[in-house]
Structure formats: C-alpha cells, structure tokens
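Let me begin by presenting the structure, written as structure tokens, before commenting on it.
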Amino acid sequence: MSVLGESVGMGSGVQKKLSPLTKGEVLPTTSSSHRSVLNSLFSGALAGAVAKTAVAPLDRTKIIFQVSSARFSAKEAYKLIYRTYLKDGFLSLWRGNSATMVRVIPYAAIQFCAHEQYKRLLGGYYGFQGKTLPPIPRLVAGSLAGITASMLTYPLDMVRARMAVTPKEMYSNILHVFVRISREEGMKTLYRGFTPTILGVVPYAGLSFFTYETLKKLHAEHSGRLQPYSYERLAFGACAGLIGQSASYPLDVVRRRMQTAGVTGHTYGTILGTMKEIVSEEGVIRGLYKGLSMNWVKGPVAVGISFTTFDLTQILLRKLYQKG
C-alpha cells in the first residue's frame, strides 16, 4: 500500500526520479487505465488468496489465543495445532479458510487496486507523474488503501473470526453465520470491532506498503537493477509485514475480542473498556501482545508472499498484453 510511486503499478518495481509532468506528455488512455485497474484487482485477489492459505493454520491458532485468556507460548500453540489435527483431522487446521477467502479475495483486490489509484491521485496533486511520490504521500496512499478495503469487506472479517473460534456444529457455513448473528445478536454486530480495525489498519497498511516500496527503491539505487529477484521481494515483504503488524497488534487483539464477544461470554463494548479488561485480567504483554511472536512468523511470511505474488502477477500480465 505504499505510495512510493517509484514503481509503475506497485508491482513493476521500475524506479524513476522525481520529475514534474513535462509539456506534451501523453497521459494514459482510458482503455489502458481500465486494463491497469483490472490487472490490479486480479493480481491483488490472487496475492491475498495465496498468502492467506499458506498461513491459515497459524492464523487460526493465533485468533484462538487472542480471544481466550489462556497464556500463549510456542509450546502451547504447537499443542493446540496438534490436538486439533488429532481430533478433527489435517484439513480442520484450515477451518474458517473458506470464510477467509470470501473476505481476503475482495479485500486484497480492493486494497491493491485502491493503492494504485491513490498513488495516481496523489501523484497528480503533487505535480508528479503519479508514480514517484515523497515519503508522506507514500504513507498516506497505503493507509487510505487499507481503510477503503476494510470499510467494504468488514462483515466478512467478523464472520471469519467467528468461524475460527467456534466448533463446526455451531455454524455450518458462511451464510449460516450471517443469519445467526443477524437474528440472535442484531445486524450491528456485524460491525462490532470496526473502529479498532480502522485505527489498526492505518499504521498497518501505511507502514507495510511504505516499507516494501521504500526497500525496493533503495535496492534499485544501490544495486543498479530495476527488478529485485523473487527472494529479495519476499525479504522486503517480510520486513514490511513485521513492521506493520507490530505497530498495530494491540488493536488487532481488541478487534478479535470484540468480534467474538457473542460466543465467548464477554461483553466487550468499547475499545478502551476492552483494553482495560484485557490488561486487568492478563497484563499488558501477555494480554495485548498475546500471539505476537506467532505473528512475527506468520505475518512476514504472509505479507512477503502477498507482495511478491502481486508484483510477479502484474509483471506477467504486462508481458502477456505486450505479446498480444
């Protein structure tokens, strides 16, 4: 999501110097603009699906610890995964992943596409070519992309959290979750935890995109290569995920607690109230940062895969269009 417009589309990695619009410069045609939007949507959807599926068992385990008062440790996380495997089978480790896909595919598509559009808009505002932007607009574009995607897909995130922490007997499928929540808890419940989500997505999305594209820019300047290798993209994405998720993690815990309050017996109502209750019962580190060490494994892997998949898909699609 970084607005480091140093790349042509987020994925191209082609670095350019800051330069104002020049007289007589040809702006993108409507058809090429539409194609760019479609490319971003498809690449983002694929990136989100691949990344989330790869880390789904770890993600599910993290959520279970986040919404409970059980103490987190790597040993306990392993025990939980192993018990789940023995009791319900290997595929049960991906329980809730269908709901994750229903959410993450539109979320990632919207997020990456919105990021490209915000870069273009801010580039026009600052008088640049819509590609290369200063650091602050770069950060703003990433944050706005995350906010846009979160606003449009939030109920799906609520459903995914509920499916991850409940037994199979409680909710049979995604539609069943929507129906039961709406009937038993009210439609407003579908947006419970929305405020901490938005507050968390600003630093998470902003710093993730900012870090990734900044690293690509620095790499191009020092290596002389316009395109990083795939393993370098993975490393840049891992750093981006580590920084972005660490900055927003307490709000992620609060969000999960509020989302699952209806099935855990708690009555979390406000962000501050939820934080106070977590801290009083479990402490700051063991409560608000519960599962962060797992996120330091899962997050960088997921973000690295996501950014790399997006970049490489964009490059592939451009090559296909050029051949056509």
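The values are calculated or read from the model by the stated rules, or taken from the named source; none is laboratory data. Note that the coordinates shown come from a computational prediction; the quantities given were computed from them, not determined experimentally. Don't worry about glycine lacking a Cβ; one is built from the backbone with ideal geometry, like all the others, and counts go over all protein chains shown. These area figures cover heavy atoms from the full protein model, side chains too; ligands, DNA and RNA do not enter into them. Shrake-Rupley method; radii C 1.70, N 1.55, O 1.52, S 1.80 Å.
Structure notes:
- Cβ-defined net charge surrounding residue 185, 11 Å radius [Lys, Arg +1; Asp, Glu -1]: +4
- Accessible-area composition of the chain, carbon plus sulfur, in percent [1.4 Å probe]: 67
- Using only alpha carbons, the stretch 190-244 has a radius of gyration to Kirkwood radius ratio (Rg to Rh) of 1.18.
- Where GluC sites (Glu not before Pro) in DSSP loops with at most 13 other Cβ within 10 Å are excluded, longest remaining stretch of the chain: 170-324
- Taking trypsin sites (Lys or Arg not before Pro) in DSSP loop conformation with at most 12 other Cβ atoms inside 10 Å as exposed sites, the chain has its longest uninterrupted site-free stretch at 226-324.
- Helix 271-282 axis, angle to the chain major axis (alpha carbon atoms, nearest 10°): 60
- Hydrodynamic radius of the stretch 192-301 per Kirkwood, over alpha carbon pairs, in Å: 15.3
- Computed log₁₀ I(q)/I(0) - Debye formula, equal Cα scatterers, no solvent, the chain, q 0.09, 0.11, 0.12 Å⁻¹: -0.48, -0.70, -0.81
- Gap separating the Cα centres of the stretch 250-296 and the stretch 113-127, nearest whole Å: 35
- Calculated translational diffusion coefficient of the stretch 87-191 (4 °C, 1.567 mPa s; Stokes-Einstein with Kirkwood radius over alpha-carbon pairs) equals 82 µm²/s.
- Residue-normalised accessible area of the chain, given per residue in Å² at a 1.4 Å probe: 46
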